[in-house]
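Single-structure report; data block below.
The values are calculated or read from the model by the stated rules, or taken from the named source; none is laboratory data. All of these numbers come straight from a predicted model, not from anything done at the bench. Cβ coordinates were reconstructed from backbone atoms using ideal geometry, including for glycine residues, and neighbour counts include every protein chain displayed. Only protein heavy atoms, including side chains, enter the accessible area calculation; ligands, DNA and RNA are left aside. Shrake-Rupley method; radii C 1.70, N 1.55, O 1.52, S 1.80 Å.
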Amino acid sequence: MAAPPLLSLQGIMLTLGGKPLLEEIDFSVSAGARLCLVGRNGSGKSTLLKITAGEIEPDAGSRFIQPGASLRYLSQEPNFNGFSTSLSYVEAGLSPLDDPHLAQSILVELGLTGMENPSHLSGGEARRVAIARNLVSQPDILLLDEPTNHLDLPTILWLEEKLKQLRSALVLISHDRRFLQKLTNETLWIDRGRLRHLSRGFTDFESWRDQELEEEEKQQHKIDRKIVAEEHWLRHGVSGRRKRNVKRLSSLLALRNDRSQRVMPTGDIKLDVSEAQSSGKLVIEAINLCKSFGSRKIIDQFSTRILRGDRLGIVGANGAGKTTLVNLLTGFIRSDSGKLRLGAGLEMATLEQSRSSLKAETTLQDALTGGGSDTVEINGERRHVIGYMKDFLFKSEQARTPIGKLSGGERGRLMLARVLAKPSNLLILDEPTNDLDLETLDLLEEMLADYKGTLILVSHDRDFLDRIATSTLMSEGSGRWIEYAGGYSDMVSQRGEGVTARSNFALAQKKQTNKNIITTPPSVEGASIKNKLTFNEQHALQELPKKMEELSKKKIKLQSILDDSDLYKRDPERFNLATQSLVEVDCELSAAEEKWLELEIKRESLVK
């Protein structure tokens, strides 16, 4: 006899804005289950996971969890209110019987100290802290909503292995195909408010989904043909036998009613990139490029040739210098030495990861048109903004919606709409897969396959890199970058391993001025330090925190300038200058933090 499920939902129904979002949802989670929850953006995945976690109440239906079963839920936006440090937040996830040292241990594994101020964490740091809290007690049931968002590849690989080792039952929402393929053995598909179950993992989902939709279309076609035949009978073949006619007419009315109530599958977005005139055959040539910030080498003797039509993927751990490399190759910042040559007729369009150009109060229409207009130019033709919005699955009534009110998936589609409207023959895509559903990713891949220009892609999505990249540029550390033929999997097979993180101990010792709680310069007093640290090193330990604080303030000021969405249109020279300055300040700040960290570790080891 099978063991009862740890958790079950029955007859769950929820209506939002007068429209049913979830209808008659039934599913259960058994011990050791590995479930993935998939569906289009807006289909109700996150809402259903919140109901499963007990965070919100449905309009109807019941939720049952076995008494004593522990459950942890990772939301897309964790709440750090009331916690002074990352360690205190993680410790709140421990059960009374857990070893309290586990909290500190898992934070160090994730490259954190535990002393970070939660209100000053970056997106990636906040994600790692939230993951640590959910994993630390190894709960019976683990609910994860987009756990890989904002994580670099080493952390994704670490999380993948950690989840494989856990005995917890798992319900997972993610857009990362490879992540889902490796971790799941059952699939729940939300489609038009209904839940369909596949007793196999995500690897088999897409072919099964296509078969389901094809069979549904065939059945609907049969019904439509039957309605046509019955309507023909109604017009031309009614006999004098009243009882039979009434029954047949009633059946026809029922068929018509069913067709009118039918909910069609969500349409696909229409991706059409605005292509500029073809560039020259040579797009970028770099010869022995070098770039350092302080004593830290970001790029060391790097050479490459990028030709028209190439698809270059760039991978590496956070802090490896991926953005710096892209900015060097595109001429936004200058190298310390070496030679850069850009091809003739280049027109670049960039999809930024941070989305800093999207101001929360700007409306959707103004973000697409630049403000003061109701049209957008695509491939040299003027189109009404409402029609262009509908290509990206936005409704006409959303035209005046502030960007701050859009979901993560909607903001992702908006960024695509903006970058694809700009004529280009060189596309720079920085983490384009964030917050996009699987169907939209498929269409993006198809569009990029047909794009006649050149592509430079920075991504942590292994499957996306395998499908798109013709070569992969990998950070080997100490400023060395090596280019491998093929996608991510080809790089791994040639290199013998994938992306690895910098030392977790070093990352865990990093204390960022103006962001985390430690802001005072470390003391350099004591005979043992004075005897073994040079004068210049002692001076640097005292002065670097001040320098980091100044750079942080400068970075905030530059970012506030770039937050003006109309700046590029009004003053492109100032926009380019601010962009270049922000890149340089960001790299200089990172180098200063690394140097301070190196000296602080040395100081602490000498004291001991």
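Taking the listed residues L325, L342, L307, the one that is touching a strand residue (DSSP E or B) at 6+ places or on another chain (Cβ under 8 Å), open to solvent by 70 Å² or more (accessible area, probe 1.4 Å) and among the hydrophobic types (A, V, I, L, M, F, W, C) is L342, with no other qualifying. Total residues in the range 430-475 satisfying the condition of being under 17 Å from L307 (Cβ atoms), open to solvent by less than 10 Å² (accessible area, probe 1.4 Å) and part of a helix (DSSP H, G or I): the figure is 1. Quick one: would you say L97 is closer than 22 Å to G409 by Cβ, open to solvent by 70 Å² or more (accessible area, probe 1.4 Å), out of contact with any helix residue (DSSP H, G or I) (no Cβ under 7 Å at 6 or more places or on another chain) and not hydroxyl-bearing (S, T, Y)? When the stated conditions are applied, L97 does not pass them. Within the set A367, A317, A349, A360, the sole residue that is surrounded by fewer than 18 Cβ atoms within 10 Å (Cβ to Cβ) and either farther than 22 Å from R467 by Cα or out of contact with any Cys (no Cβ under 6 Å at 6 or more places or on another chain) (or both) turns out to be A360.
Among the strands (runs of 3 or more DSSP E) confined to the range 21-136, the ones with at least 1 residues that are under 21 Å from F179 (Cα atoms) and among the aliphatic types (A, V, I, L, M) are located at 34-38, 71-74. Taken over the range 276-290, the residue count meeting the criterion of being open to solvent by less than 70 Å² (accessible area, probe 1.4 Å) and at pLDDT below 90 is 3. Restricting attention to the range 419-429, the residues that are open to solvent by 20 Å² or more (accessible area, probe 1.4 Å) and farther than 15 Å from N379 by Cβ add up to 0.
Among E439, E445, which is the only one that is at pLDDT below 85 and of a type in the set (D, E, K, R)? The unique qualifying residue is E439.
Residues checked against (1) under 22 Å from the mean Cα position of the chain (by Cα); (2) modelled with pLDDT under 85; (3) open to solvent by 10 Å² or more (accessible area, probe 1.4 Å):
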{"position": "W158", "(1), (2), (3)": "yes, no, yes"}
{"position": "E186", "(1), (2), (3)": "no, no, yes"}
{"position": "W208", "(1), (2), (3)": "no, no, yes"}
{"position": "D224", "(1), (2), (3)": "no, yes, yes"}
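When each of S88, S84 is tested for being open to solvent by 60 Å² or more (accessible area, probe 1.4 Å), touching a helix residue (DSSP H, G or I) at 6+ places or on another chain (Cβ under 9 Å) and either more than 29 Å from E410 (Cβ to Cβ) or among the aromatic types (F, W, Y) (or both), the lone residue that passes is S84. Summed over the range 135-145, residues that are surrounded by fewer than 22 Cβ atoms within 10 Å (Cβ to Cβ) and modelled with pLDDT of 90 or more total 3.
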